[in-house]
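First the structure, in the form of C-alpha cells, and then the observations on it.
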C-alpha cells in the first residue's frame, strides 16, 4: 500500500522499470500549466514549463524572452500596449 | 501621425529594444529605415529597422541625413527632449569618445553598403582589372589560393623522397606483421564479450 500522502490523484504517477527488472510507480509533482499572455490568453513562447525550483536553476535569459513584459505578455499585445502609451502620452 | 522622415523621434515597439526611443537617420526602402538611439543615450544602436517596428512620436530633431551620434545627442538636448523623455545624457568622458568616433562612423556606414551590393560584380571585375586594385586582390588570393597549394605540395613532396629510400623495406615488414597479429587478436576479443553477457542474464534471472 502506498503512503496515504501519495494516494491523491494530484500527484503524477510514472511507471518505471528498475534495474532488478521490476515495475514500480514513482509519484511526482505535476508540472505547472503553460504560461499564457496576460491580455489575450495565448500560450507564450520562450517560457519553459518547469517547476519553480527548476526555473531557478536556469539562467535568467532562459526563463523568459528579453523584452519589456517578456514572459507576461505576448509580443503582439506588448506592441499594442507600447503604441497606445506613445499615442496617449504625446497627444497633448 | 507624421511620416517617418529624417530626424523623427520614434519608439521601438518590437524586439529587445522595445520601449526605447530612437531617431530616424535615413530612409532606405519602403520597409526599412536607418535608425540610432544613440546607444549611449537611449540604448538603441545604429542599425537598420523595419518601419512596422517603429511608433513615431510628435517630436522631430533637426539633423542632416546619416548624422553622427554626437550631433544627434546635441540635437536632443537643444529641443529639451532629454528632460521630456527622461533620458540621461552620457557623461562628458563618454561624450568625448563619441565625438572622436565622428570621423570613423561615416566610414563604417559606407563600408557594408559597398561590400554587400557590389560583391558579385567585383568578382568579375577582379579578373579583368588586376593591376588597378592591388590591395583588395591580394587578400583573397592569400586566403584562398596560397593555402590550398601549400598543403598538397608539402604532402606530395615529402613522401615521394622518403619512399625511394626508406618506405620500401617498411612495406614488407607491415605485410608480414598483419597476418600474425590478426589471429591472435580475434579469439581474445570473442571470449571476453560472451562471458559478461551470460553472467548478466544469469544474474537477472536469479534476482
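Would you confirm whether any residue within segment A:3-11 is within 20 Å of the chain's Cα centre (by Cα) and either in contact (Cβ under 8 Å) with a residue 40 or more places away in the chain or over 22 Å from residue B:52 (Cα atoms) (or both)? So that I can check it myself, show each step before the final result.
Filtering segment A:3-11 for residues within 20 Å of the chain's Cα centre (by Cα) gives A:10-11.
With either in contact (Cβ under 8 Å) with a residue 40 or more places away in the chain or over 22 Å from residue B:52 (Cα atoms) (or both) added as a condition, the list becomes A:10-11.
For segment A:3-11, residues within 20 Å of the chain's Cα centre (by Cα) and either in contact (Cβ under 8 Å) with a residue 40 or more places away in the chain or over 22 Å from residue B:52 (Cα atoms) (or both): present.
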Is it true that residue B:15 is on the phi > 0 side of the Ramachandran plot, within 14 Å of chain A (Cβ to nearest Cβ) and touching a residue at least 12 places away in the same chain (Cβ under 8 Å)?
-> yes
Among (1) within 14 Å of chain B (Cβ to nearest Cβ); (2) surrounded by 13 or more Cβ atoms within 10 Å (Cβ to Cβ) - the single one residue A:84 does not satisfy | (2)
Do you know which residues across segment B:41-83 are within 29 Å of the chain's Cα centre (by Cα), within 27 Å of residue A:81 (Cβ to Cβ) and assigned to a loop (DSSP other than H, G, I, E, B)?
-> B:41, B:42, B:43, B:44, B:45, B:46
Going by the conditions given, is residue B:37 in contact (Cβ under 8 Å) with a residue 12 or more places away in the chain and under 30 Å from the mean Cα position of the chain (by Cα)?
-> yes
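So, in segment B:23-40, exactly how many residues are more than 19 Å from residue B:99 (Cα to Cα) and outside any loop (DSSP other than H, G, I, E, B)? Even if it seems obvious, please write down each step before you answer.
Start the filter on segment B:23-40 by keeping residues that are more than 19 Å from residue B:99 (Cα to Cα), which leaves B:24, B:26-34.
The next check asks that each one be outside any loop (DSSP other than H, G, I, E, B); those that pass are B:24, B:26-27, B:32-34.
Qualifying residue count, segment B:23-40: 6.
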Within segment A:48-70, restricting attention to residues that are more than 13 Å from chain B (Cβ to nearest Cβ) and not in a helix (DSSP H, G or I), which residue is nearest to residue B:16 (Cα to Cα)?
-> A:59
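Only the coordinates and a few stated rules stand behind these numbers; no lab work does. Being a predicted model, the structure only gives us computed values, none of them experimental. All Cβ positions, even for glycine, are placed from backbone atoms using ideal geometry, and neighbour counts span all protein chains on display.
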